[in-house]
Amino acid sequence: MNERDTEQVARMFTEGGYTLTTDESVADAILVNTCSVRDQAEQKAIGKMRNMGTHRRTKPHVVYGFMGCMAQSRGAELFASIPHLDLVVGTQKYHKVFDYVDGILKQRMERRMDDPSLAMYGENVCDVEEEAGSQNTIRDHLTKEKQVSAFVSIMQGCNMRCSFCIVPDTRGRERSRPIPHIVEEVKRLADKGVREVNLLGQIVNLYGRTEFPHVNGKSPFVQLLEAVHQVDGIERIRFISPHPIGYRDDLVAAFAELPKLCSHIHFPMQSGSDRILKLMRRPYKHEKFMEICRKMKASRPDLAITTDIIVGFPTETEEDFQASIDTVKEVEFSNAFVFRYSKRRNTPAAEMEGQLDESVKEERNQRLLAVVNEIAIAQNQSCVGTVQKILCEGYSRYNEARLSGRTSQNRIVVFEGDLAKYGGRLMEVKIDSQSGFTLYGEPGVIIS
Ligand code: SF4
């Protein structure tokens, strides 16, 4: 989601005549889009911003800004700890970042021309207010040449109150974009050659639940999937992340009826223990989660399910932890992001009794990862010798001499071939080996 928001801001700067650079030493404005999910991410962003202050010595006009979740949650207090910071812009104000930066830069340049000795620093700008309709402003893209896949933000915010999570404070309440707006965006992407869209929301399956009606027993999210499915040129549809709440049979049935929906869901479980789920304020039980997984696998037999799991939540016993391990084995997740519980300020879990030692969290983290990896490797091994249908996305991230793509199940496949021939194509690859989470093979028939 942050990546998508960053793209929107970057697009506004290119439209405004600026050039993007990842080299901070030549930049006139340095913006950091921040994440608050873990404390570590916040500390890293603050440390990075502090270090980058040195560029002021050679370029006094340079503008420094924080955007996103940490900007939203910490607001103006960030100015006190980082004296060179000019701008703090929250999650509902991305569309204003360009005007703020451009305004400050112009002001500084004008002052410099009048008298170079003048102090270059004006008022700090902090804008973290809520803004009605801000979800509709994340809609433009900076598509690269031969871009195959794109993220599409369909909603913002979350109405849940998981006891460990800071997101409802940083992203606000659920707000969804109208279906026609999203479909228009997807059509524009398809016109530029994009063949796969990944629909984004904190809880995508709750898309539009307070704004748009059910039609013929179908939720607004399933209606959206059907509308996107009709866009010519789009071959694959993914979404991230659904929640067990509101995951109803119409969405299960969509996987049987809409072939462009990929055979993969990332379905956060968080814990296999009902006691811990209750403390987490996750409003479902383990059995409900399992029932949805079973229905989904029945609806789409080749479905891969990945998940998020927190280990070491306050008071988690060995028995609770074992319930998470047992669920991983039972569902046979294709992969799992395992997080050691970390306190987030102003969340109920941070104040709970029974906080666990880091050593216990780390040990459980390693034990669970070992189980996750064993299952993932076995699943990848079972792909060796098969022919997989992939969408070729371009050069391999780690080896530009090779190409890479993904299977419908979101498995990465690397192979040798010509980008001009295979880039952006749905094609077959004969898998001949695997290493951990990557499959390797020989290119085969181009399907489309
Ligand atoms: S569902 Fe829970 S974990 Fe997910 S964003 Fe909302 S509050 Fe956070």
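The values are calculated or read from the model by the stated rules, or taken from the named source; none is laboratory data. Please read all numbers here as calculations on a predicted model, not as lab measurements. Reconstructed Cβ throughout: ideal geometry from the backbone, glycine too, with neighbour counts over all protein chains shown.
Listed here are the residues, each with its yes/no results for (1) within 16 Å of the ligand (Cβ to nearest atom); (2) within 29 Å of A323 (Cα to Cα); (3) in a helix (DSSP H, G or I).
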| site | (1), (2), (3) |
| --- | --- |
| Q223 | no, no, yes |
| A227 | no, no, yes |
| G233 | no, no, no |
| P242 | yes, yes, no |
| V252 | no, yes, yes |
| A256 | no, no, yes |
| I265 | yes, yes, no |
| P268 | yes, yes, no |
| G272 | no, yes, no |
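Of all residue pairs spaced 6 or more apart or on separate chains, those with beta-carbon atoms under 7 Å, a first member in the stretch 269-280 that is of a type in the set (A, V, I, L, M) and a second member that is assigned to a helix (DSSP H, G or I) are M269/F289; M269/T327; I276/D320; L277/H286. In summary, helices (runs of 4 or more DSSP H) completely within the stretch 1-90 and bearing 1 or more residues that are among the small types (G, A, S) and not assigned by TED's automatic domain parsing to the domain that holds V167 occur at 2-15, 39-52, 69-74, 77-81. Taken together, the residues in the stretch 120-151 that are touching a Lys or Arg at 6+ places or on another chain (Cβ under 8 Å) and not in a loop (DSSP other than H, G, I, E, B) amount to 6.
Regarding the stretch 137-146, can at least one residue be identified that is among the polar types (S, T, N, Q), at pLDDT 90 or above, crowded, with 19+ Cβ neighbours inside 10 Å and within 16 Å of the ligand (Cβ to nearest atom)? No, the stretch 137-146 has no match at all.
So that you can scan it fast, the table gives a plain yes or no per residue for (1) modelled with pLDDT of 95 or more; (2) in the same structural domain as R411 (by TED's automatic domain parsing); (3) in contact with a helix residue (DSSP H, G or I) (Cβ under 6 Å, 6 or more places away or on another chain); (4) not charged (D, E, K, R):
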site: Q270; (1), (2), (3), (4): yes, no, no, yes
site: L277; (1), (2), (3), (4): yes, no, no, yes
site: R294; (1), (2), (3), (4): yes, no, no, no
site: D308; (1), (2), (3), (4): yes, no, no, no
site: D320; (1), (2), (3), (4): yes, no, yes, no
site: D326; (1), (2), (3), (4): yes, no, no, no
site: F333; (1), (2), (3), (4): yes, no, no, yes
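Cβ-Cβ contacts under 6 Å between residues 6 or more apart (or on different chains), taken from a first residue in the stretch 241-257 that is in contact (Cβ under 8 Å) with a residue 24 or more places away in the chain to a second residue that is among the polar types (S, T, N, Q), are listed as P242/N205; G246/N205; Y247/N205; D250/S219; L251/N205; V252/S299; F255/S299; A256/S299.
Residue-by-condition table, conditions (1) more than 16 Å from the ligand (Cβ to nearest atom); (2) under 22 Å from E145 (Cα atoms); (3) assigned by TED's automatic domain parsing to the domain that holds R282:
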position: C165; (1), (2), (3): no, no, yes
position: G172; (1), (2), (3): no, no, yes
position: R177; (1), (2), (3): yes, no, yes
position: L189; (1), (2), (3): yes, yes, yes
position: E196; (1), (2), (3): yes, yes, yes
position: N205; (1), (2), (3): no, no, yes
position: R209; (1), (2), (3): no, no, yes
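Of the residues contained in the stretch 98-119, none is found to be of a type in the set (F, W, Y), within 29 Å of V215 (Cβ to Cβ) and either away from the ligand (no atom under 16 Å from the Cβ) or in a helix (DSSP H, G or I) (or both). In the stretch 107-134, the qualifying residues are those that are within 20 Å of V88 (Cβ to Cβ) and of a type in the set (G, A, S), and the one that is modelled with the highest pLDDT is S134.
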